1. Of the listed pairs K20/K95; K46/K137; K20/K137; K95/K119; K11/K111; K20/K104, which have alpha-carbon separations greater than 29 Å here?
2. Going by accessible area, probe 1.4 Å, with all protein chains left in place, what is the ranking of K11, K137, largest first?
3. Got a number for the accessible area of K104? Probe 1.4 Å, square angstrom, nearest 10.
4. Would you mind computing, in nm to one decimal, how far apart the modelled labels at D59 and A3 are, each placed 7 Å from Cα along Cα→Cβ?
5. Computed FRET efficiency, Cβ-Cβ of N14 and K103, R0 30 Å: what is it to the nearest 0.05?
6. From largest accessible area down, sort R12, R85; use a 1.4 Å probe on the protein chains.
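The values are calculated or read from the model by the stated rules, or taken from the named source; none is laboratory data. The model shown is predicted, which means the values in this text are computed figures rather than measured ones. Neighbour counts are summed over all protein chains in view; Cβ atoms, including those assigned to glycine, are modelled from backbone coordinates with ideal geometry. For accessibility, only protein heavy atoms count, side chains too; no ligands or nucleic acids. Shrake-Rupley method; radii C 1.70, N 1.55, O 1.52, S 1.80 Å.
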Amino acid sequence: MSADLIWMLTKRHNAFLISKRDNCNKRSGLVLTSEPCNITSVHSFKYSGLANETAFGIDAVRETADAADANEDPSSKPVSVCFTRKAKSQVKPCKGVSKQSWKKGARALAKSAQAQVGKARPDLAKAAMAKATHIAKAIRVAKRGDE
């Protein structure tokens with residue numbers, strides 16, 4: 001299926017859509033999405049992880065042996081993970097997503113995110129760099145003097 005057709009079918013109604021409403025029960029114009037491969041969480045065709053053939057997502061997860069232990073073990077360190085969906089495997093979504101873990105500082109993480117995303121989607125390189133920097137600063141362990 002073409003990307004335009006998928007976007008036309010999913011842009012109004014999908015499970016990931018989050019629309020904020022104001023006090024008068026009208027749309028305030030802010031429509032977000034929780035798609036796994038959406039870098040900015042903005043609901044638009046440009047950033048969509050469902051409709052585009054190649055999509056990227058960056059998220060912070062805890063590094064453990066088991067996914068069930070991630071919520072229980074406070075000693076596990078958070079790591080940044082880049083999710084990539086390739087164009088070849090659009091028919092089989094489970095096999096199309098690859099994960100890459102990064103254990104770097106904020107600058108190195110932003111540079112590698114920009115390099116990886118910039119190869120396939122140069123229009124998302126700046127957004128990927130901003131998200132990677134934001135996540136790296138969020139998972140940074142505070143020093144003793146920094147409270």
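1. Values: K20/K95 33 Å; K46/K137 26 Å; K20/K137 27 Å; K95/K119 21 Å; K11/K111 32 Å; K20/K104 35 Å.
Exceeds cut-off: K20/K95; K11/K111; K20/K104.
2. On the way: K11 80, K137 130 Å².
So the residues, ranked largest to smallest area, are K137, K11.
3. 110
4. About 2.2 nm separates the two model spin labels.
5. Calculated transfer efficiency: 0.35.
6. Numbers: R12 155, R85 25 Å².
Largest accessible area first, the residues go R12, R85.
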